[in-house]
1. For A:Ala77, work out the one condition from (1) over 25 Å from A:Glu225 (Cα atoms); (2) at pLDDT 95 or above; (3) of a type in the set (A, V, I, L, M) it doesn't fulfil.
2. Looking at B:Cys205, B:Cys174, can you tell me which residue is over 21 Å from A:Val253 (Cβ atoms), more than 14 Å from the chain's Cα centre (by Cα) and assigned to a helix (DSSP H, G or I)?
3. Do any helices (runs of 4 or more DSSP H) lying entirely in region A:210-281 carry at least 2 residues that are over 25 Å from A:His150 (Cβ atoms), within 14 Å of chain B (Cβ to nearest Cβ) and of a type outside the set (Lys, Arg), and which ones are they?
4. Any idea which residue in region B:28-54 is farthest from the other protein chains (Cβ to nearest Cβ), counting only those that are in contact with a Phe, Trp or Tyr (Cβ under 9 Å, 6 or more places away or on another chain) and closer than 18 Å to B:Asn106 by Cβ?
5. Search region A:14-38 for residues that are modelled with pLDDT of 95 or more and pair each with any residue that is assigned to a helix (DSSP H, G or I) and surrounded by 13 or more Cβ atoms within 10 Å (Cβ to Cβ) when their beta-carbon atoms are under 6 Å apart and the residues are at least 6 apart or on different chains.
6. What number of residues within region B:17-45 are exposed (fewer than 15 other Cβ atoms within 10 Å of the Cβ), more than 20 Å from the chain's Cα centre (by Cα) and assigned to a helix (DSSP H, G or I)?
7. Of the residues in region B:155-210, how many are on the phi > 0 side of the Ramachandran plot and out of contact with any Gly (no Cβ under 8 Å at 6 or more places or on another chain)?
8. Scan region A:177-202 for residues that are in a loop (DSSP other than H, G, I, E, B) and within 14 Å of another protein chain (Cβ to nearest Cβ) and jot them down.
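The values are calculated or read from the model by the stated rules, or taken from the named source; none is laboratory data. Predicted model, so just to flag it, every value in this text is computed and none were measured. Heads up, the Cβs are rebuilt from the backbone with ideal geometry, glycines too, and the neighbour counts pull from every protein chain shown.
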There are 2 protein chains.
Amino acid sequence: MSLVNEMRNKMVEMVHDLQDIICEAIKTIDGTMYREDVWTREEGGGGRSRVFSEGNVFEKAGVNVSVVHGTLSPEAAEKMGGGHQLEGKDLDFFATGISLVLHPINPMAPTVHANYRYFERGAGQAEGSWWFGGGADLTPSYLFEEDAIHFHRIHKEVCDRHEIADYNRFKSWCDEYFHIPHRNEGRGVGGIFFDNIHGSSKQECFEFVNDCAHRFLDAYLPILERRKDLAYTVQQKEWQQIRRGRYVEFNLVYDRGTKFGLTTNGRIESILMSLPLTARWEYCHEVPIGTEEEKLLTVLKNPMDWLGA
Amino acid sequence: MSLVNEMRNKMVEMVHDLQDIICEAIKTIDGTMYREDVWTREEGGGGRSRVFSEGNVFEKAGVNVSVVHGTLSPEAAEKMGGGHQLEGKDLDFFATGISLVLHPINPMAPTVHANYRYFERGAGQAEGSWWFGGGADLTPSYLFEEDAIHFHRIHKEVCDRHEIADYNRFKSWCDEYFHIPHRNEGRGVGGIFFDNIHGSSKQECFEFVNDCAHRFLDAYLPILERRKDLAYTVQQKEWQQIRRGRYVEFNLVYDRGTKFGLTTNGRIESILMSLPLTARWEYCHEVPIGTEEEKLLTVLKNPMDWLGA
């Protein structure tokens, strides 16, 4: 087995194992079982999607893994990024990753998204022909500063353990990526985001991504536990629905993964599992000054340094 | 006053008058009043948005007119279309139009959209430097064939009265434009769509557009009257919400007007007033064979010739 396939296999195994671990945790918390769909893609590869719907804690929670390969169209190759010049068979690609979005019912409990992925172009051996990407970010409807701090702290701890990772850089990158220009708002309170990571070795990158991905539950579950049973009003649920509308706007208008999926004949239900069960658009909705809703908006318009200067 | 400004003024007056007429009709049917926002655009021009929210018949109904001018960015100019080569001051533009989207509460009553617009590049006198666009289309959650036939018949009658218009061509154009590739579905049962219309004279085009725009109420109101008070179940309301999710997908991912607005610093609340009040995304939603829901999907996947061969 070549060195190339070693990393392919290692990453494929990792994302599948992690999907099992995370789904097991959700099952326990939610008290329901996911629906699983194993699918193949005509052009090569496939995936395993698991989605919890209308459970006790989660309105919708999807955890998807995929292993796809094939030949990119020049347009898809451009969207894919990686910053590489295309030449002949560099249009061949291999990609594997895990992607999850959890939308809790309770408006006090934040939505969370995480995604870890590995790409190769061509044989994936030459410098610049392979890279990792990923990150995790938190999207509350109501701001609990301790939640944002906890989520960021866990991710900073992981970054600090790995030479290749830079929390400050990945934190800013996250704020920039999950920005909704037409609203001048962040999608949420951030976390980390990185793309096109290719350090001194594949192994070094994998160790960081693996570490990060396996801390996801530590970053999110304590927050969920604190918020999932809090009391809330009809008005607070409605505000959550408006925030979900913004989530839809970001994912459909700006998210590169979604756009990539829509133009590469991906499995549509797996791509759009990230959308919330329900969303709301009120014309000219405004939040009164001094409310919790305004407090959230202020932070979304001015990303915070959650861990202090 | 130059000939150029004559058409600018004529069209501006027409869209404002029509906004009054249509809003008056909605007010009467809905028993509520719209919220009006008169807005200006930093780069030149502005608009008048009127939106009914959570009324007795309509969940959300927006009727917007705008008169904007300025200098296009090359990117916006490309999105704007018109099929013209850009040269220097051709980046100057003038645009006016009326745009409306009505989302009734009752799932038996279809959503409707209409838009009529006039563009100029530069001085708007040379061949190819001015054009009209527009159309109207119907988006039911439940298919009543007589509704689709009525809506198409009214539009065919208008087209048949004008040399410049071709119902068959505009009907197909509508089916092509309001198509959701990633779902392999039409957004609705169509109507007419045309863009970049510039016949022998501005006056000839205006007469068609004016006639069409003024038949909007005749095309839609009889349908609304028939459906707005029909009984419906919770399940039928949920299906409507899923169809509204598709409406959101089309508008945010494909609609050129929305994309143009988002990249030209348009008034965001006016651009997104087309989105429904609420929408729903169920993972892997399926419709049982032989149901009314399946009947609709079949037609959305295979556009019908509503007026016979």
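1. Failing condition for A:Ala77: (2).
2. Details: B:Cys174 fails: more than 14 Å from the chain's Cα centre (by Cα).
Result of the check over B:Cys205, B:Cys174: B:Cys205.
3. Numbers: elements: A:216-227, A:234-253, A:256-263, A:268-271.
The helices (runs of 4 or more DSSP H) meeting that bar are A:234-253, A:256-263, A:268-271.
4. Filtering region B:28-54 for residues that are in contact with a Phe, Trp or Tyr (Cβ under 9 Å, 6 or more places away or on another chain) and closer than 18 Å to B:Asn106 by Cβ, the one farthest from the other protein chains (Cβ to nearest Cβ) comes out as B:Ile29.
5. A:Met14/A:Asn210; A:Leu18/A:Ala213; A:Ala25/A:Leu217; A:Tyr34/A:Cys23
6. Going through region B:17-45 one residue at a time, the tally reaches 1.
7. The initial filter retains those residues of region B:155-210 that are on the phi > 0 side of the Ramachandran plot, namely B:184, B:190-191, B:196.
Keeping just the survivors that are out of contact with any Gly (no Cβ under 8 Å at 6 or more places or on another chain) gives B:184, B:190.
Number of matching residues: 2.
8. At the first step, the residues of region A:177-202 found to be in a loop (DSSP other than H, G, I, E, B) are A:178, A:181-184, A:187-189, A:198-201.
Those that are in a loop (DSSP other than H, G, I, E, B) and within 14 Å of another protein chain (Cβ to nearest Cβ): A:Pro181, A:His182, A:Arg183, A:Asn184.
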